[in-house]
Amino acid sequence: SVEVGMLCAGPVAVYFFWILCAFATWVTSTVFAVDPLAYTFIVLFGFVSCIDPLLVFLVDALGGHVGTCMVSEFATMKVIKDTANMCSVDAMRLWFHFKVREGNGATGLAMVVAIYFGLMGIMLVALYTVVLNVHMKGRILDTYRRLTAREETLLCPLDAEVSLRDLKEILNASRRAHRQVVVTDLLVTYYGLHEEEAPSSSQDDPSSRLPQFDDKVTHIAAYTCPEPLPGSSQLPARLLYRHFAVLPDGAILELLGDDTSTALSNKVLTAIRDIVQDAIPSQATAGSLKGPLKGGVG
C-alpha cells in the first residue's frame, strides 16, 4: 500500500492543482471577463496533467535513470535490493517490490499500467467535463446544441422585432407626451380542408374548408393628435407615430416597412391598413403604409 500511495502521489497532486485552477477560472468568469489566454492555459495544463505519468517516465528515460534500474535476470537478491535502493523511477518501484518479495516483478508492472491508465482515464473525464461546460463559458456545448437542435426549439428573432421591455418604454413615453395609444385585437382563423376532398379542388373555396383554430394578432399604435387651430371646429388629422403587431407566438414586431411585414398575412396587413388609414404616416412609418404590402405566413 505504501508503494501504491507513493506511485499515485505525484499524478494526484498535479490533478488536484489543475482542478483548483479550473475552479478558480470558473468562479472568476461568473464575475469578471476572463482573458481567452487563461482558458487556453487551463485546457493545455489539463492535457499535460492527463499524461503526467507518461511524461515523468519519458523524462526518467531520457535522463538515463531507467538504465540504472535494470538488473540481470540472473542477478542475486542482494544485487536486486541494492539496485532498488538506487532506483529513482516511480514506475519501477512496484516491480522491485514484487521481485524481492515474490521473485517475479510482472505483477508489479501490470499494477503500474493499471494505476496509471486508471488515473489518466479519470483525468480525461474531468478535462472533458471542464472543456465542455467551463471553457469559454460553455461555448463548445452551446455550439453543439445549436448544430444539433431541432428547428422548432431555436429562436430566430425577426428583423424588426422588439422586446417587451422596449415596447413598454415606448408606450410609457408616448403617454407622457400625451400621444393616443390604440390597441386592437385582430382574430385570425385558420382553415383546413374536408378529409374527403382533394386539396386542388378546395384550396380556393373558403366555404368548403373547416375552421381549424383561431389566433390573435394585437395591433398597438401610438398617434400624435395635434391641437385644433384657433377658430376652426375641424380636428386636424392625427399623426401615426409608431405602431406594432404582437404575433400569436408572442413576438413583437414593429411595422416599419414592407420587409418587416413578411411575418403577417395579407388579410392581417389589410386590416392594419384599415385601422390606420385615417392617420397621416410619419417618416418612420411611411414605408409600412405605401403600396401593396408583402404577405407571409398566416
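The values are calculated or read from the model by the stated rules, or taken from the named source; none is laboratory data. These figures come from a predicted structure and were not determined experimentally. Protein only, heavy atoms only, side chains kept; ligands, DNA and RNA dropped before computing areas. Shrake-Rupley method; radii C 1.70, N 1.55, O 1.52, S 1.80 Å.
Search the structure for amide H atoms under 5 Å from the amide H of Val188, placed 1.01 Å from N in the peptide plane, and list their residues when 5 or more places away or on another chain.
Sorted by chain and number, the residues that satisfy this are Asp215, Lys216, Val217.
Heavy atoms only, 1.4 Å probe, whole protein assembly: order Glu161, Glu169, Glu151 by accessible area, highest first.
If we order Glu161, Glu169, Glu151 from most to least accessible, we get Glu151, Glu169, Glu161.
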